[in-house]
Each structure stands twice: as structure tokens, then as C-alpha cells.
1. Would you confirm whether or not segment 133-156 contains a residue that is surrounded by fewer than 24 Cβ atoms within 10 Å (Cβ to Cβ) and in contact with a Pro (Cβ under 8 Å, 6 or more places away or on another chain)?
2. Taking D360, is it in contact (Cβ under 8 Å) with a residue 24 or more places away in the chain, touching a Lys or Arg at 6+ places or on another chain (Cβ under 8 Å) and not in a helix (DSSP H, G or I)?
3. Hey, can you tell me all the residues within segment 424-440 that are at positive phi and either free of Cβ contacts under 8 Å to residues at least 24 places away in the same chain or out of contact with any strand residue (DSSP E or B) (no Cβ under 9 Å at 6 or more places or on another chain) (or both)?
4. Restrict the check to segment 326-340 and report whether at least one residue is under 16 Å from D433 (Cβ atoms) and modelled with pLDDT of 95 or more.
5. Just checking, does segment 435-444 include any residue being over 24 Å from the mean Cα position of the chain (by Cα), within 21 Å of I118 (Cα to Cα) and surrounded by 13 or more Cβ atoms within 10 Å (Cβ to Cβ)?
6. Select, from K353, K383, K372, the only residue that is surrounded by fewer than 18 Cβ atoms within 10 Å (Cβ to Cβ), closer than 24 Å to P298 by Cα, touching a residue at least 40 places away in the same chain (Cβ under 8 Å) and basic (K, R).
7. With the structure loaded, tell me whether S398 is at pLDDT 85 or above, polar (S, T, N, Q), within 23 Å of E112 (Cβ to Cβ) and out of contact with any Ser or Thr (no Cβ under 8 Å at 6 or more places or on another chain) or whether it fails that test.
8. Among P414, P404, which is the only one that is in contact (Cβ under 8 Å) with a residue 40 or more places away in the chain, buried (at least 19 other Cβ atoms within 10 Å of the Cβ) and under 27 Å from N155 (Cβ atoms)?
Amino acid sequence: MKKYILNSVKSVSNDVSFSTPGHKGREFDYLKFKYDVTELDETDNLLEPTSAILKSMDELKKIYKSKASYYLTQGSSLGIVTAIVANLEKGDKILVERTCHKSVYNAVILSELDPTYIHPIIDERLSVPIGIDLEDLKNKLMTNKYRAVVVTSPNYFGKTLPLEEIYEVCKDNDTILIVDEAHGAHLNFLPELTKLSSYNRCDIAIQSAHKTLPAITGSAFMHIYSDRINRELLEKTLRLFQSTSPSYLMLISMEEALYFMENSGRENLVKNIDRLRILKENLKKEGFYFLEGDTFDPTRLVVSKENISGYEIERAIKVFGIRAEMATPFCAVFIITAADDEESIEKLEYALKNASYIEDHPKAMNFSYREKIIYKPCEVFRKESKWVKLKNTEGMVSASFVIPYPPGTPILVPGEEVTDEIIKILERYLELDIKVVGLENGGIKVGSK
């Protein structure tokens, strides 16, 4: 057996990381094989906690000021699927932010739900999602009966939504609000960031501890913030999906991450946010532009430069051993956590300032399309499908997700018609060499009407 995976990881292990996981490759004492145990009388049981894990989750609840909180060892995806399946029944209508994580769509298929979508507002300069149309949300809630709304806040680019306003509209319409807060587990640790968080601004929030806290990949939290949630049913549903062999290293890492944040982590975040302000001031003088504002997470660095694509920024700084979280045609994204320090941020600033960039002139893209739903996603999930060249698919029904990055919004969801407009947009993406998931060798998977 050749060590393909180990060797691939070794090849990037010395990078200065500004991607997930939030521990940034720092060494922590808890990562020892002798701590990798199973369910014992002494170590408790995540599915039926009565002692150590129960006490730890009670501390988790206190930190996030929730009514109940849970450790998840299968990522935020587990929490999102659990929250949706527990609170909606077959055929229920669900209002979903179109840019939501694929786990939301998976839950829609599993529960055989009837989805409607809220489309994003796109930043004109960077072509990335920076919010939703609140009037559209309100109109949809007032004209149809939705059991739940699912939104993402903050998103990949650090943009948070006005959750308090959204939650009030949801409560007025007897609709549950589920927030995918995968990128926001750190927000509750500073007062100035808590106002951007989901705390008391939704019914359920799900967070990826590993994205912005120093926890192992796949570690996550789920929080209940209201009495409108049937806690017993939620826990019963969680047991359906949660592994019976949870990783104790992940559980320990979540506990250790919270301990770290309560002690030195808060102070580190303050220092890093201040240092990022200096970085931005310095680099603006060099022609860089940053996505920022009162509703943006200040620990998320979204960088662009005139006539330079995000892909080129990502490529150029790799020469300095710097790893970005992601790149788009117009920007590169860097995640700064409490595990970062002055040295790592200094290296990032130096790399951005001194890298040799090739002007590749990214082109504007069209995000104005609207979907034409023929079937619910669940209705085509088990149907036969085939690969067809994109140019020949007009009028056919998509059998898979087709998702351009950016903005990460599905241009096609299973059950939607392939229109001439969508074909032209996807052909444009191909011309610009933009990654499109679900589009392979010039074709997509389709079924028939």
C-alpha cells in the first residue's frame, strides 16, 4: 500500500495556513492515540450522555447561552440534516437560501420536502453573495405557509445577515428559523462580534467548531435557542444519524478549543482583529481592496486587486508558503482565527505585498437567472439519468446539482429545467475556466420530463 494520502498532506503541512481547520496546524497535547478510546463507564456515551459528556455539553450550553447544546462528530452537515428532518414532515414547504450548503439540499431530499429559494444579493465588484433580499423573504412568507426557513450567516465571505429582523418575520408567520452558522463558532467570544451571531436570533443554530476554533476537522455544535423546538424529537433524530462510534479525540478537541477560547483565545482574537486593520491600511496603499463593513466578520479577510483574479493571488502567494482558504475570479479568502498570531499575519501581509502577480483581467459574470422547478428534488433522486452534452440539454430536467464557484449558488438543482439562458451562462463559465461542479466533459446529468 502506497501512502498517497499521507504524502499529499505532507506536501502542504509546512504551509502558513489561512484555511480551515482553525487550529492552523498548531500542536495540542490532547492529540494522542492513548486518548482515542470508546464508550466506557468512565468515558460516557455521546448518544445517551449521563456523566462526563453531559457535564461538558452543559458547559457548552452556558458558553453559547442556549437552551440546549450538542457536540457533533460528523460536522455541521449532521446538525443541519438533523434540524431539518426533526422539524419538518414529508411534503412540507421549506424556504431555503439558494447559496445554502449541500447538506440542506440533502435533508430536503431525505424528508421529501417542497423547497422554494431566496436568491442572494451579489456584490457588483467581487461577484460574491453578500446578503439576501429581505422583501423577497417577507413576501414569500406572507403568501405561502412555510414550516421552516434556512439561511447561512456568516457566509464564506464573512457576510452576516440581519438575523434579528429575519427571526421576527419568521415568528410572526409561525415559521422555524434554522441558521447554518458553520463559519461563526468564534463570534460568541467577543461582545462586538456576538451582535453578528445567531444568539437568540433563531430557533436552531449549527456551527463548525473546526472552521474557526482550534478543533479537529468534523467537530461541530448544535444549539437550541427557543422553546418552539421539540427537544425530545430533535435528540431522537440526532441519534438516527450520529455515528455509534464517535471520535473521542474530536470530543476532547471541542472541549479543549472552548477552554482555549475562554482563556487566551479571546485576547488573541482582539489582537488579530487589530492587526488585520493595520494589514488592510497598509495594503490599500498598494492597490488592494477588501470586502468589509459593519455586517462583515472582521476575522475573515477577502482580498482583491485590480485586474488580478483571486486565482492569481492564491497562486502568487503560494511561493511564500501561504495557503488561502479559497479563491474566486475576483478575490481570495483567508480565515484568521485565535490560533493565528502576529508572526503568521505578518507573513501574510508580506506575501500579498511582495508577490509577483500576472494581470489576468477577470471578467464579470451573470447571476440574474431564476430557476424553473419541474419536480421536487426528491422526485428525481431515484430516477434514471444520463450524461448529455450541455448544448443539447435545453428543455431537459437536471438530475444532479450544477454549481459554479463562485458564487457557490446552484444554477441547477435536481428537478429543474435546463433553459437556454442557463446553457448560455454555463457556457460562459466554461469560457472563463470557472470551476462548475456537476459539469463534466462538457455535459451534465439529465432525466426526462
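1. Taking every residue of segment 133-156 in turn, at least one turns out to be surrounded by fewer than 24 Cβ atoms within 10 Å (Cβ to Cβ) and in contact with a Pro (Cβ under 8 Å, 6 or more places away or on another chain).
2. Numbers: in contact (Cβ under 8 Å) with a residue 24 or more places away in the chain: yes; touching a Lys or Arg at 6+ places or on another chain (Cβ under 8 Å): no; not in a helix (DSSP H, G or I): yes.
It is false that D360 is in contact (Cβ under 8 Å) with a residue 24 or more places away in the chain, touching a Lys or Arg at 6+ places or on another chain (Cβ under 8 Å) and not in a helix (DSSP H, G or I).
3. Restricting attention to segment 424-440, the residues satisfying the condition of being at positive phi are 433, 438.
The answer is D433, and nothing else.
4. no
5. no
6. Working: K383 fails: closer than 24 Å to P298 by Cα; K372 fails: closer than 24 Å to P298 by Cα.
Step by step, each of K353, K383, K372 is checked, and only K353 is surrounded by fewer than 18 Cβ atoms within 10 Å (Cβ to Cβ), closer than 24 Å to P298 by Cα, touching a residue at least 40 places away in the same chain (Cβ under 8 Å) and basic (K, R).
7. Numbers: at pLDDT 85 or above: yes; polar (S, T, N, Q): yes; within 23 Å of E112 (Cβ to Cβ): yes; out of contact with any Ser or Thr (no Cβ under 8 Å at 6 or more places or on another chain): yes.
Yes; evaluated as a whole, the condition is true for this residue.
8. P414
The values are calculated or read from the model by the stated rules, or taken from the named source; none is laboratory data. Remember, predicted model here, so these are calculated numbers, not experimental data. Because the Cβ atoms are built from the backbone with ideal geometry, glycine has one as well, and the counts that use them run over all protein chains shown.
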